[in-house]
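The values are calculated or read from the model by the stated rules, or taken from the named source; none is laboratory data. What you see is a predicted model; the values in this text were computed from it and never measured. Glycine also receives a Cβ, built like all others from the backbone with ideal geometry; neighbour counts cover every protein chain displayed.
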Amino acid sequence: MTPATAGMAGMATGGTGATSGAGGAVAPTSTRPLSSTLKLPTMMEKKAVAPFFNIWRPTDLTKVEGKLPIFVWNNGACSRNDAVFKPLFDKWASGGYFVLSLTSGGGSSSTTIADQKALIDWVVAEAAMPSSPYKDKLDIDMIIAGGNSCGGITSLGLASEDPRVKVIFVLSGSSSMGTAAVSGIKVPVAYVVGGTDDIARANAELDYKAFAAGIPSMVVNRSSGDHLMISNNAMVMADAADISINWLDLTVYGLQGALDALKQPTVCTGCAAGLWTVTSKNLETLVKK
């Protein structure tokens, strides 16, 4: 895999990048600040081409030095409504990630693994076009797959069959709910789930236990909240955005500061004490020493 070189022009540096290690994550740079400190202005672009999606990205790509990691997202219920997840997209884009989210505009009403894979196909082809505004700005060697509920199923399924996926993030979902073979997952995986009444929680914990030895993974449990709350509540989405940006910085860049943030008592900066707890393994292997 070609190391990425993402960093932010004019920003103070902090933290260190990761080397390739267990789970296949690599580090683009050794001087990358935490994404949560960047707060870049963001914008959304709608692409009226198959598989029909929105792009969420830093507004001014000339202000971004190096290449942006790519996040391909699928929604809860495998629907084409991505509006509720805007807090996630804004957080990731403001931290220097390039996000593609499946949305309405054509095709079937239900999204699939094939649709999410088509996002990767599109962005890889687009990044290679000399006339593209994204030319030399996207890191096609660092692709993250993620989704909510059914979108989590497709993300895990995609990662099990497409080696271009290097990191996974699942919001209230699991492979055990349907399609993805856990044995096929070879990259770091994070789950954010609710309380014991979240139907995804038990299956996410089963996934976690079933991953092959050495795979960096974590399950972040909320003390309460069912599947609908974790998938739709604005306050939960804000917390999930905070948790996930540190997960991305740890797996993509290997930042010690990101691991420290995940291990703080509240788990995320804006989270209430005692609300979230983390169960994890092999996360230290992702940090560049």
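Listed here are the residues, each with its yes/no results for (1) in a loop (DSSP other than H, G, I, E, B); (2) farther than 30 Å from residue 67 by Cβ; (3) touching a Pro at 6+ places or on another chain (Cβ under 9 Å).
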position	(1), (2), (3)
186	yes, no, yes
230	no, yes, no
243	no, no, no
270	yes, no, no
274	yes, yes, yes
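Restricting 58, 41 to residues that are of a type outside the set (D, E, K, R) and surrounded by fewer than 20 Cβ atoms within 10 Å (Cβ to Cβ) narrows the list to 41. Out of all the residues in the stretch 130-153, is one or more in a helix (DSSP H, G or I), in contact (Cβ under 8 Å) with a residue 24 or more places away in the chain and surrounded by fewer than 24 Cβ atoms within 10 Å (Cβ to Cβ)? Yes, that holds for at least one residue. The number of residues in the stretch 188-220 that are in a strand (DSSP E or B) and in contact with a helix residue (DSSP H, G or I) (Cβ under 7 Å, 6 or more places away or on another chain) comes to 8. When residue 256 is tested against (1) more than 28 Å from residue 78 (Cβ to Cβ); (2) among the polar types (S, T, N, Q); (3) modelled with pLDDT under 95, exactly one condition is not met: (3).
Only one residue in 99, 165, 124 is within 22 Å of residue 65 (Cβ to Cβ), among the hydrophobic types (A, V, I, L, M, F, W, C) and surrounded by 19 or more Cβ atoms within 10 Å (Cβ to Cβ). Which one? Write out each step before concluding.
Working: 165 fails: within 22 Å of residue 65 (Cβ to Cβ); 124 fails: surrounded by 19 or more Cβ atoms within 10 Å (Cβ to Cβ).
Going through 99, 165, 124 in turn, just one is within 22 Å of residue 65 (Cβ to Cβ), among the hydrophobic types (A, V, I, L, M, F, W, C) and surrounded by 19 or more Cβ atoms within 10 Å (Cβ to Cβ): 99.
Considering the stretch 234-272, and only residues there that are in contact with a helix residue (DSSP H, G or I) (Cβ under 9 Å, 6 or more places away or on another chain) and polar (S, T, N, Q), the residue that is surrounded by the most Cβ atoms within 10 Å (Cβ to Cβ) turns out to be 251.
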